[in-house]
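Remarks on the structure that follows.
The values are calculated or read from the model by the stated rules, or taken from the named source; none is laboratory data. Remember, it's a predicted structure, so these values are computed and weren't measured experimentally. Ideal geometry is used to build each Cβ from the backbone, glycine not excepted, and the neighbour counts take in all protein chains shown. Please note that ligands, DNA and RNA were not included when accessible areas were found on the heavy atoms of the full protein model with its side chains. Shrake-Rupley method; radii C 1.70, N 1.55, O 1.52, S 1.80 Å.
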Amino acid sequence: YSVYCQQYESGANHFKECLRKNLLFQKWIEEVQSLNSLDLLSLLIMPVQRIPRYRLLLEDVLRCTNEKHPDYSSIQIALTQISSIAQSVNNFIEDSDKHRRMVYLGFK
């Protein structure tokens, strides 16, 4: 998941470049997208948005749950865990970006 999130922007840019350079590919994508309500880039971003959406959902559920409710502590734990996962993914992406910049600067 972390690798997917880290590579998403590069993949999206490559997809856009292929659309721009390859008219046959562009035509095929347009045909496929005419059959669906979402375009491919919209579908590709969904996994990247999933963890942040879960975090927001759990924050809302926790805010609406009475502290005395038997599920309150379980929701807190789930929120803590999903927040930790989100932070780990963000750290992975930041570390990968730093590494990529260092490699780039090393080749200059």
### Task
Of all residues in the range 91-108, count the ones that are farther than 20 Å from Gln49 by Cβ, open to solvent by less than 100 Å² (accessible area, probe 1.4 Å) and under 27 Å from the mean Cα position of the chain (by Cα).
2
### Query
Could you count how many residues in the range 26-46 are in contact with a helix residue (DSSP H, G or I) (Cβ under 6 Å, 6 or more places away or on another chain) and more than 26 Å from Val3 (Cα to Cα)?
1
### Message
Can you tell me which of (1) open to solvent by less than 80 Å² (accessible area, probe 1.4 Å); (2) over 24 Å from the mean Cα position of the chain (by Cα) is the one Leu35 doesn't meet?
### Response
(1)
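Conditions tested, residue by residue: (1) touching a residue at least 24 places away in the same chain (Cβ under 8 Å); (2) closer than 21 Å to Asp97 by Cα; (3) of a type in the set (A, V, I, L, M).
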| position | (1), (2), (3) |
| --- | --- |
| Gln7 | no, yes, no |
| Lys21 | no, no, no |
| Leu24 | no, no, yes |
| Gln33 | no, no, no |
| Leu41 | yes, no, yes |
| Leu44 | yes, yes, yes |
| Pro52 | yes, yes, no |
| Pro70 | no, no, no |
| Ser73 | no, no, no |
#### Entry: Residue tally, condition at pLDDT below 95, of a type outside the set (Lys, Arg) and either within 21 Å of Ala12 (Cα to Cα) or surrounded by 14 or more Cβ atoms within 10 Å (Cβ to Cβ) (or both), over the range 44-90
12
